[in-house]
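Notes to accompany the following structure.
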């Protein structure tokens, strides 16, 4: 972020209230010889219409060209860790070196685009499109295993349990690896020594307790699929690989239509579904404490679609970020304000 700040000469913010919603735009003018300007000169717009292959009912999803975020971060991280070899803390030195090696291998795989999509239960997919996807897959597996092992050691005993199968058979004729993860939220919520029933109920509702992650690669990229079972993982992979577009994907198109298809990045949050999910978790926690109806009914979101779309475009002399919020989203923010006022008084 500091380097990005050095590359930016000035930023212009504009906001506009339109009949259908609110639009906020940030235009970043870059220094002509900056590293970011050189990277943007080589980038190509990604076809946002490919996201129509994703299913309906997502909580958040999006895509970003690798050279706009992932590649600069990996390159800088690898450089910093290599320069700090003798000064790394003893506890984390091995993990830091592994992460730096992973960053280097991911850069060698020639990343092109990052895509993500998840529903309310955090079932979904992360796709790393690359010219050498198998190189990226082989780099990610030991890294994921090391991160989970470090997490299990840092958490209270038996809070985090995981199992990795490097060879878990095939999904659509592709070799797949499988990671099973389980978190006992009750042990984690009770570390402060107080009753943890309410916290556990909230965390279980918000995130769930068990996840299965499938890792595989095809000729386009690496897929990290969070799914209930193998069949669900196959559906995620088949939809994207075969270009299957949902017949009722008008919702997905409506999210990006105000921003256009020629984007270098797009991030979408389905606000009403996400906000209702959070409030239902709060209600469950309140019920465990015997607090009754803690949240007023008018604070809950309506069924109308409310979302926020953030588009990223690389221009000849800078970078443009554009946020679009339709009137339904503004209405839901008003409900959030009602809840905050209710909580204060």
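Worth a mention:
Every residue, every condition in (1) within 20 Å of the chain's Cα centre (by Cα); (2) closer than 24 Å to residue 316 by Cα; (3) modelled with pLDDT under 90; (4) assigned to a loop (DSSP other than H, G, I, E, B), yes or no:
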position	(1), (2), (3), (4)
13	no, yes, no, no
22	no, no, no, no
25	no, yes, no, no
41	no, yes, yes, no
57	yes, no, yes, yes
71	yes, yes, yes, no
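Each row is one residue, and each column tells you yes or no for (1) touching a residue at least 24 places away in the same chain (Cβ under 8 Å); (2) under 20 Å from residue 47 (Cβ atoms); (3) assigned to a loop (DSSP other than H, G, I, E, B); (4) out of contact with any strand residue (DSSP E or B) (no Cβ under 6 Å at 6 or more places or on another chain).
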site	(1), (2), (3), (4)
216	yes, no, no, no
228	yes, no, yes, yes
239	yes, yes, no, yes
252	yes, yes, no, yes
266	yes, yes, no, no
269	yes, no, no, no
275	yes, no, no, yes
281	yes, no, no, yes
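- Among the conditions (1) at pLDDT 90 or above; (2) out of contact with any strand residue (DSSP E or B) (no Cβ under 7 Å at 6 or more places or on another chain), residue 224 misses just one, which is (2).
- Criterion: over 30 Å from residue 304 (Cβ atoms) and not in a strand (DSSP E or B) - qualifying residue of 101, 52: 101
- The lone exception for residue 141 - which of (1) surrounded by 15 or more Cβ atoms within 10 Å (Cβ to Cβ); (2) within 16 Å of residue 230 (Cα to Cα) it fails: (2)
- Residues in the range 170-183 that are over 23 Å from the mean Cα position of the chain (by Cα) and free of Cβ contacts under 8 Å to residues at least 60 places away in the same chain: 170, 173, 175.
- So residue 277, is it at pLDDT 75 or above and within 16 Å of residue 57 (Cβ to Cβ): yes
- Test: residue in the range 154-165 that is assigned to a helix (DSSP H, G or I) and surrounded by 15 or more Cβ atoms within 10 Å (Cβ to Cβ): no
- Flag: residue 340 matches the condition of being loosely packed, with under 13 Cβ neighbours inside 10 Å and in a helix (DSSP H, G or I).
The rows are residues; the columns are (1) closer than 21 Å to residue 122 by Cα; (2) surrounded by fewer than 16 Cβ atoms within 10 Å (Cβ to Cβ).
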{"site": "237", "(1), (2)": "yes, no"}
{"site": "270", "(1), (2)": "yes, no"}
{"site": "291", "(1), (2)": "no, yes"}
{"site": "299", "(1), (2)": "no, no"}
{"site": "308", "(1), (2)": "yes, no"}
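- Within the range 27-39, considering residues that are free of Cβ contacts under 8 Å to residues at least 60 places away in the same chain and part of a helix (DSSP H, G or I), the one nearest to residue 68 (Cα to Cα): 39
Yes/no matrix, rows are residues, columns are (1) at pLDDT below 80; (2) under 30 Å from residue 31 (Cβ atoms):
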site: 288; (1), (2): no, no
site: 300; (1), (2): yes, no
site: 304; (1), (2): yes, no
site: 315; (1), (2): no, yes
site: 325; (1), (2): no, no
site: 328; (1), (2): no, no
site: 331; (1), (2): no, no
site: 338; (1), (2): yes, no
site: 342; (1), (2): yes, no
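The values are calculated or read from the model by the stated rules, or taken from the named source; none is laboratory data. Just so we're clear, the structure is a prediction, and the values are computed from it rather than from any experiment. So basically every Cβ, Gly included, is an ideal-geometry build from the backbone, and we count neighbours across all protein chains shown.
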